[in-house]
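*Asks:* Below is a structure I'd like to ask you about.
FYI, it's all coordinate maths here, none of it is from the lab. As the structure is a prediction and not an experimental result, all values here were calculated from the model. Positions of Cβ are generated from backbone atoms using ideal geometry, with glycine treated the same way; all protein chains shown enter the neighbour counts.
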Amino acid sequence: EVDFGDWTGDRFEALHARPEWRAFNRFRSTAPIPGGETMLAAQARAVGAVLRLRAAHPDAELAVVSHADVIKAVLAHFLAAPLDLFSRIEIAPASRSVVVLYDETAAIAGVNLPA
């Protein structure tokens, strides 16, 4: 989950009127969330968790469950894609995305697959 700070509990209709919300959606890598964390911080935290899980279970196939923004951020990291482009990744509710982690690299084996 991303810490949405002052925006927690707000309706999307109300957020769309705010310039800082529009900036956040255009520039995820740099636009801050008032009272919350940056998407870069959320991405680093999520990727770190995935890498720790892999280190703890190197031969296992793991399922990691999260919300769409966190999944997009993790996929962007392993694609070496700029975080500002992560809105181009579609993640439907209850879909699956598959990342294969190797020692020095990763491969994206599927994105937004039916559950």
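*Asks:* Determine the pairs where a residue that is more than 19 Å from residue 85 (Cα to Cα), located within segment 11-34, has a partner that is not aromatic (Phe, Trp, Tyr) with Cβ atoms under 7 Å apart, the partner being 6 or more residues away or on another chain.
*Replies:* From residues that are more than 19 Å from residue 85 (Cα to Cα), the pairs are 34/5; 34/6; 34/20.
*Asks:* Scanning for something outside any strand (DSSP E or B), surrounded by 13 or more Cβ atoms within 10 Å (Cβ to Cβ) and touching a helix residue (DSSP H, G or I) at 6+ places or on another chain (Cβ under 6 Å), does segment 88-109 turn up at least one residue? Steps first, answer last, please.
*Replies:* Initial filter on segment 88-109 (outside any strand (DSSP E or B)): 88-95, 102-105.
Now drop any that are not surrounded by 13 or more Cβ atoms within 10 Å (Cβ to Cβ), which leaves 89, 91, 95.
Now restrict to residues that are touching a helix residue (DSSP H, G or I) at 6+ places or on another chain (Cβ under 6 Å): 89, 91.
Scanning segment 88-109, I find at least one residue that is outside any strand (DSSP E or B), surrounded by 13 or more Cβ atoms within 10 Å (Cβ to Cβ) and touching a helix residue (DSSP H, G or I) at 6+ places or on another chain (Cβ under 6 Å), so the answer is yes.
*Asks:* In addition: Free of Cβ contacts under 8 Å to residues at least 60 places away in the same chain, of a type in the set (Ser, Thr, Tyr) and more than 18 Å from residue 8 (Cα to Cα): is that true of residue 95 in this structure?
*Replies:* Values: free of Cβ contacts under 8 Å to residues at least 60 places away in the same chain: yes; of a type in the set (Ser, Thr, Tyr): yes; more than 18 Å from residue 8 (Cα to Cα): yes.
So residue 95 fits the description; yes.
*Asks:* Report yes if some residue within segment 39-56 is free of Cβ contacts under 8 Å to residues at least 60 places away in the same chain and in a loop (DSSP other than H, G, I, E, B); otherwise report no. Show your work before the answer.
*Replies:* Here is the first cut: in segment 39-56, the ones free of Cβ contacts under 8 Å to residues at least 60 places away in the same chain are 39-56.
Filter once more, so that each one left must be in a loop (DSSP other than H, G, I, E, B): none.
The answer is no; no qualifying residue exists.
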